[in-house]
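Step one of this worksheet: look at the structure below.
The values are calculated or read from the model by the stated rules, or taken from the named source; none is laboratory data. Nothing here was measured: the structure is a model prediction, and the numbers come from that model. Positions of Cβ are generated from backbone atoms using ideal geometry, with glycine treated the same way; all protein chains shown enter the neighbour counts. When the accessible area is computed, the model is the full protein with side chains, heavy atoms only, and any ligands, DNA or RNA have been set aside. Shrake-Rupley method; radii C 1.70, N 1.55, O 1.52, S 1.80 Å.
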Amino acid sequence: QVQFVESGGGLVQPGGSLRLSCAASGIIFSINAADWYRQAPGKQRELVAGITSRGSTNYLDSVKGRFTISRDNAKNTVYLQMNSLKPEDTAVYYCHARKSGSDYWGKGTQVTVST
């Protein structure tokens, strides 16, 4: 059974930083690609960043240069380092991976960027 444990969300002022973590069981991130999505109130869920099994990364245009996705194979954990946060980054952030044709999601972690 695939399970994710997300952590690292919280309240931060504009310009601040947070690092989200997604620790997995039942799936190996070095074999399967992983992504971070986010969903703001009243908006559709959107792909923020992804990392392939080979380590290639991709980003939503609005977060390029500010966010970095990475992976620790020994800990089977994917991270999202978020710098220079803006109020429009406020959302619930979800870890996602696909295995054997099925999609798996974490429960989400709230990120709020506000003064």
### Net length gained if the chain between Ser25 and Gln13 were fully extended (0.36 nm per residue, minus Cα distance)
1.1 nm
### Task
Specify whether the C-alpha gyration tensor of the stretch 52-113 places it in the rounded, prolate or oblate class, a ≥ b ≥ c being the square roots of the eigenvalues: rounded for a/c under 1.5, otherwise prolate if a/b is larger than b/c and oblate if not.
prolate
### Query
Full extension from Asp103 to Leu60: what is 0.36 nm times the residue separation minus their Cα-Cα distance, to one decimal in nm?
13.5 nm
### Query
Could you give the distance between the Cα centres of the stretch 1-77 and the stretch 100-115, to the whole Å?
8
## Note on the structure
Yeah, the stretch 25-79 with a ≥ b ≥ c from its alpha-carbon gyration tensor (a/c under 1.5 is rounded, else prolate when a/b outruns b/c, oblate otherwise) is prolate
### Task
Pick out which of Leu18, Leu47, Leu60 has the largest mean-square fluctuation in a Gaussian network model of the chain, springs linking Cα atoms closer than 10 Å.
Leu60
### Ranked order, Lys107, Lys75, Lys99 - accessible area, probe 1.4 Å, largest first
Lys107, Lys75, Lys99
### Task
From largest accessible area down, sort Lys64, Lys86; use a 1.4 Å probe on the protein chains.
Lys64, Lys86
### Task
Mind running the shape call on the chain? Use the C-alpha gyration tensor, a ≥ b ≥ c as the square roots of the eigenvalues: rounded below 1.5 for a/c, prolate if a/b tops b/c, oblate otherwise.
prolate
### Task
Would you please give the FRET efficiency between Gln44 and Asn76, computed as 1/(1 + (r/R0)^6) with r the Cβ-Cβ distance and R0 = 41 Å, to the nearest 0.05?
0.90
## Note on the structure
Sorting Arg45, Arg54, Arg71 on solvent-accessible surface, 1.4 Å probe, most exposed first, gives Arg54, Arg45, Arg71
